[in-house]
Structures are given as structure tokens and as C-alpha cells.
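Take a look at the structure below.
Readers should treat all values here as calculations from the given coordinates under stated rules, not as data from a laboratory. All figures in this text were calculated on a predicted structure; none of them were measured in a lab. Glycine also receives a Cβ, built like all others from the backbone with ideal geometry; neighbour counts cover every protein chain displayed.
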Amino acid sequence: MKRAALYLRVSTLDQNPETQGHDLRQLAAQRGFDVIEEYVDRGFSGARVKRPALERMLADAARGRFNVIVVWACDRMARSTRHFLEVLDELGRLGVEFVSFRENLDTGGALGRAILVIIAVVAELERNLIIERVRAGMRRARLEGRRLGRRPLELDHAAIRRDRQLGRSLGELAKLHQASRTTIRRVLAAVPNSLLQTSPQPNENRRPEKAA
């Protein structure tokens, strides 16, 4: 019986990797794999270099914990075609097979390895086309004079300074003007501290005047 590792990855924290996990467990059962561990990267996009669960799985593969890796799709594991080829080469050197559920392929034979490389190339091409379309849209928006990103906050700077002079704390100002404390500090830093002082403090060293 082959010892298997399941690798699951979702790009955002609100996505549930259990959808992938159900399919992979079913596939492992059908092929008679003994699942050693499930490695899950949650909230990591495909372009991210650092993926803790993937790195831990590859380290365990080098230690011989399992002899087959099962993923839901090829693009769940590798961030680029080059990275995909490097991983396949390393797994081949270690004698670890690679199985993809969606593509229904594995590296048990030469044909499966060749098809996986082709799929990885197409996946990277598709991703690059999406990125280029987004960048082209942003360039067009700039040429048309449209604003990109969030609209800047419209704050009444004079009111913030006036409320500060009345003795309100940063937290009170942030809540009152619906802005972060950092933004409030930035507004207050734009004027001399002397203008932000509250009512004059009594001079503790001054002696009380004697009654006439």
C-alpha cells in the first residue's frame, strides 16, 4: 500500500479547503492509498513564494514519510511553470509520485509527466493573460482620468484641531470623525503643538497672593 500525502490550498481565508479535501480523500480510498497527513495552506495565493504547509510537505517527502503526493489541481501546488518543474524533478529524484485529481493524471509514467508539464504551461499562460488584462485596464483608467483605489477621506481638519483643543483624546477624535488614530495624528501633526494645547495649566510654583 502506498503512503500518501494530501496537499490542499485556498487563496483566501474565507474559502473552505474541505471541498478539495473531500475529493482527495475519496480518490485516495479508490486507489488504496494510506493517507499519512493532510497539508493545508489557507490564505496563500498561487503567486506567494512562502507557503508553510507546502514547504513542510516537501521536507517530509525528503525524509521518506510517503511515496505519493495527491493534489486537487496542478496549480494548487506550484506558483509557476518553473517552480512546477523543479518540484516534479525533486519528487522524481526522491521516488515520490505526483497525482492530480482534476486533471486525472499522475507521474507514474512518462506520458503522465509530459501532459502535466503542458498543463502547467497553459495554466501559467492563462494567469499571465489575466494579469496583463488587469494592468491594461488600469492604464486605460489613468489615461481617462479615472481615480484608482479608495477615495481619500474628507476630513474637517479645523474641527479636529478644535476638538483636540477642547481636550478630547485621540480615541475620541477617531470615533467622532470616523477615522483611524494614525490619520488623526497626521492631521494634528500638521500644526504646531502650541496650537493644540488645552486650557492653560496653573503654575504650581507660584505663591498664592495674600489678601489685602
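Residue check: is Glu103 under 20 Å from Ala29 (Cβ atoms), of a type outside the set (Ser, Thr, Tyr) and surrounded by fewer than 21 Cβ atoms within 10 Å (Cβ to Cβ)?
The answer is yes for Glu103.
Taking only the range 110-137 into account, find how many residues are within 22 Å of Arg31 (Cβ to Cβ) and surrounded by 11 or more Cβ atoms within 10 Å (Cβ to Cβ).
The number of residues fulfilling the criteria is 6.
Does Ile69 satisfy the condition of being exposed (fewer than 11 other Cβ atoms within 10 Å of the Cβ), under 26 Å from the mean Cα position of the chain (by Cα) and β-branched (Val, Ile, Thr)?
Against the criterion (exposed (fewer than 11 other Cβ atoms within 10 Å of the Cβ), under 26 Å from the mean Cα position of the chain (by Cα) and β-branched (Val, Ile, Thr)), Ile69 does not qualify.
Answer with yes or no whether Arg93 is closer than 27 Å to Ala114 by Cβ and either free of Cβ contacts under 8 Å to residues at least 24 places away in the same chain or loosely packed, with under 13 Cβ neighbours inside 10 Å (or both).
Numbers: closer than 27 Å to Ala114 by Cβ: yes; either free of Cβ contacts under 8 Å to residues at least 24 places away in the same chain or loosely packed, with under 13 Cβ neighbours inside 10 Å (or both): yes.
It is true that Arg93 is closer than 27 Å to Ala114 by Cβ and either free of Cβ contacts under 8 Å to residues at least 24 places away in the same chain or loosely packed, with under 13 Cβ neighbours inside 10 Å (or both).
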